[in-house]
Structure formats: C-alpha cells, structure tokens
1. So how long is each side of the range 275-344 along the principal axes, counting just the alpha-carbon atoms, biggest first, in Å?
2. Would you check the accessible area of Glu322, probe 1.4 Å, heavy atoms only, in square angstrom rounded to 10?
3. Hey, could you get me the Stokes-Einstein D for the range 24-105, Kirkwood radius over alpha-carbon pairs, 10 °C and 1.306 mPa s, rounded to whole µm² s⁻¹?
4. How do Cys141, Cys256 stack up against each other in accessible area, from largest to smallest, with a 1.4 angstrom probe?
5. Please compute, over every Cα-Cα pair in the range 142-221, the percentage with a separation greater than 21 angstrom.
6. Please give the net charge around Gly140, taking every other residue with its beta carbon less than 15 angstrom from that of Gly140, where Lys and Arg add +1 and Asp and Glu add -1.
7. Translational D (Stokes-Einstein, µm²/s) of the range 1-156 at 10 °C and 1.306 mPa s when Rh comes from the Kirkwood sum over C-alpha pairs?
8. So for the range 99-179, what percent of the C-alpha to C-alpha distances run longer than 15 Å?
Amino acid sequence: MLNFTQSQKRYRAACEVMPGGVNTSLRRCWPQLVLVRSKGAVITDADGNDYIDYHAAFGPIVLGHNHDAVNARVRSVMEEIDLLGTGTTELEIQLAQKICQHVPSAEKVLFANSGSEATYAAVRLARAATGRKKLIKFQGCYHGGHDSLAMNVITPPEKLGKRDPLSAGSLTEVLEQTLVCSFNDLDDVEDTVRKHRGEIAAIILEPIPHNIGCVLPQQGFLEGLREITRRLGIILIFDEVITGFRHGLGGYQKVCGITPDLTTLGKAMANGYPIAALCGKRELMDRFNTHPNGNVFFAGTFNGHPVGCAAALSTIEVLEQEATYKHLFALGDRMRNGLSDIVSRLGLKATVAGFGSVFLTYFQEGPIRNYEDLIRNDSAMFVNYRMNLIERGVFKLPMNLKRNNVSLSHTAEHIDRTLEISEDVLRTMAKRAAVGEPATARL
Ligand SMILES: Cc1ncc(COP(=O)(O)O)c(C=O)c1O
C-alpha cells in the first residue's frame, strides 16, 4: 500500500485557496495526489511515489513527460523571442505550414490556446457561413466548456434522450439550439436534419468519441455524415483535439479518408504545452476577421504564443520520424492483446477497446456502438480497478469511461509490468466476486 500523507497534507492546503483544490473539475478524484515531478512515462507525487502514467494529462503527452527535444526547443526560443502582440512570427508561419502539409482538411489554420476556444470559433464560423443557428452533436462527445456544446457527455441513464447541460448557468436559449444524436446512428441524424430542414449550421463530432473511452465509428457512419452535410450545405466539423497527432500526423481524418470542412486540434499537438488550432477550407477560414474581408471575430492575446508554437513544431518533428507511430501503435497493441488475454483467462465480463496508443477495459460485453451501449458498463468495477492500480504504481484516471494513453517514452517493459499488476488486481477482484464479496472493495 502506498503512503499518501504528504499529498493529503498539501491537498488540504490547496483546498484552502482553490475551490476543491484543483483547477479542472475532472482532476478531483481519489486519491487526491499532489504531484511534484514528471519525466518520460513516470509521474511522482509529494510522498515520492512513482507511477507509470497512462493518463497523459487527458491526452497531450504523446512523446512522454518533459520531453528533452521539445523542452530544448522551447528553451532556445525563449532566449530569442516572447509574446509581441503584433504581426506574425516565423514560428507561426512554420507551424501553420506544417499543419496544412499534414492535415487533409487544412487549407488555412488559426491558433488559439485551448480546444474549447477552437471549437467555439468553429461553431461561430459555421453559423456565420450558413446563416443558420442549430448544431448537431453526439451523445458522449465533449467539445469544451461553452454553452453551445457543453452538454450530453457522460449523461446519467435517466437523462438519456434529454438535454443534459454540464453546467448550471448555461443559457437555455443557447442550449436549445443544439440537437443531440446517437453516435453510429445515421438514421437518427437523417431524422434530425429532416425535422430541422434548413436550420442546421454544423454537425460536430469526435471522429472517435474518446471522451467515453474509445468507440470506433462503424463502417459507413463518417461517410454518411459527409454525404448528408454535403447534400444539405451543413458544415462538418471534426473535433480532433484528442485524435489529432495522437493517431497520426493527419489526424483520424487521414486514417479514415473522410475530409471535414473544419477541424479542431489541440492536446497532443505540442506534447503538453498550451496551444490549439482551427483549420479548414480556405473560403471558410478567410471569413475570420484576421482576414481583411472577414467579419467573424477571432482574437486572443496569447494566440500563436512562441512557446506553444515551438513546442508544437518540435513535437511534430518527432512525430514525423517513422519509428514514432510504429512504437506507439505497437505498444498499444501489446497492451490491448495482453489485457484481452487476461480478461478471457479470468472469465471476466469485460471488453478491451482502443485504437493506436489508446486503450481501456470496459466492464461489460459488446457490442459497443455508442454511449447508450456504455450504460451497461460496471462503473464501480471500472473505477475500483483503477484505484487499486494506483496503489500499485500504475496511474489510470479513476473515473468512469476514461481512456488510457501510451507515449513514445513507454517501453515494452512498462507494458509488461502493467499487465502483471493488472492481472493480479483483476484476479483478486474476480475471486472476491466469486465468493459473493463485493468485487469492488479495495484490495
Ligand atoms: C475532443 C475535445 N474537444 C475539445 C476539448 C476542449 O479542450 P480544452 O480542454 O483544451 O479546452 C476537449 C478536452 O478534453 C476534448 O477532449
């Protein structure tokens, strides 16, 4: 059992000065760690406990924590230039060129600091370009904290099919403009666009809904969305804030061969430094008032900050090396295969899911086509399994449906050690369940 005394002490201090002691609501969970160091695949807490990290800060850490090449580039840029607030830097030009080179939908690109800002701008642009108000999003997808999209992510069963805003204080008038469809259900989308003919500005989705783990799009679903949006003049937005750069330099759109009108990027783009991007068709992007003829407002004091741009350029350079994705995908496969063997050996009602460097174990049987199917996941088992892993030095966020990520810094040894610990924990949990004890008790 690990000792969390220092974390507990410092966390109490955090709570005195920050509501709940954390700066993002989803960072509040048990054990409430106070972290002091991160390097490669390992993070360290205030008690000196090391964890093999699969949380990856909700996804950005694709190369590993505190990556030497990225840090070196950032340090060297910091010696030369900082925020100027006028004109354009060479770094912004080079990064925009890289994104246009790699991401199929990117004819032009703008930078922001967070994924939420990018999706906010995408939605406003879609409304301006179409003169329509309504949006379609999918149950289980998350696109940031603004009223138009902050709803229906991990919805409690009794609220399924209803509007489920993430926040008090959201404007009903805004929420009402967003329609929620079921992922992988083209009939639902067809029905919705038929009922709201001429009213839909955009369909926005995570091409793989990673905010509920990893639900893969079924054959024909993304193609179908592309066909419907093209036919009806609706803007198709792929929110690739998670999938972009994690699943390939061109995002998931390159993998699946479907090109949206607009794409949002963030997270893995700069291996943990804050930068995000919105890119897409030239004629759409030129509507932003960064362009002399544009009238869609786009501004931000820190947009295109040299530190974020330098980190992104350096991260992309590492991702461009052939061995990088090979390693990420091979380790993802090794983990998924190992976990699948374990759950079948132990006879658990579980499904191992994932893509590339992303993996997780749902405690339910398939099929898993959308969030509605995931209501059957045993959330107590899911969270408790992860709490037990943390106590053995493996960090996966102990929160229902959250995915795990491997990075370039993970090795086959990390994976094998994780599998050993996972089997140990799962075997004990299965034994307990077999004799009628709660499988979810802490080990
Ligand atoms: C798919 C997706 N889009 C947008 C966002 C919002 O990004 P940010 O937290 O950087 O504002 C997130 C954050 O988790 C996300 O997962």
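The values are calculated or read from the model by the stated rules, or taken from the named source; none is laboratory data. This structure is a prediction, so every number in the text was calculated from the model and none was measured. Counting neighbours? That spans all protein chains shown, and the Cβs are built from the backbone with ideal geometry, glycine included. For accessibility, only protein heavy atoms count, side chains too; no ligands or nucleic acids. Shrake-Rupley method; radii C 1.70, N 1.55, O 1.52, S 1.80 Å.
1. The principal-axis extents, from largest down, are 59, 26, 22 Å.
2. We get 150 Å² for Glu322.
3. The diffusion coefficient I find is 100 µm²/s.
4. If we order Cys141, Cys256 from most to least accessible, we get Cys256, Cys141.
5. Working: 942 of 3160 pairs.
Beyond 21 Å sits 30 percent of the P(r) for the range 142-221.
6. Values: positive: Lys137, Lys159, Lys162, Arg163, Arg369, Arg376, Lys402, Arg403; negative: Asp164, Asp185, Asp188, Glu206, Asp239, Glu372, Asp373.
With Lys, Arg at +1 and Asp, Glu at -1, the net is +1.
7. For these conditions, the coefficient is 81 µm²/s.
8. I get 63 percent for the Cα pairs in the range 99-179 exceeding 15 Å.
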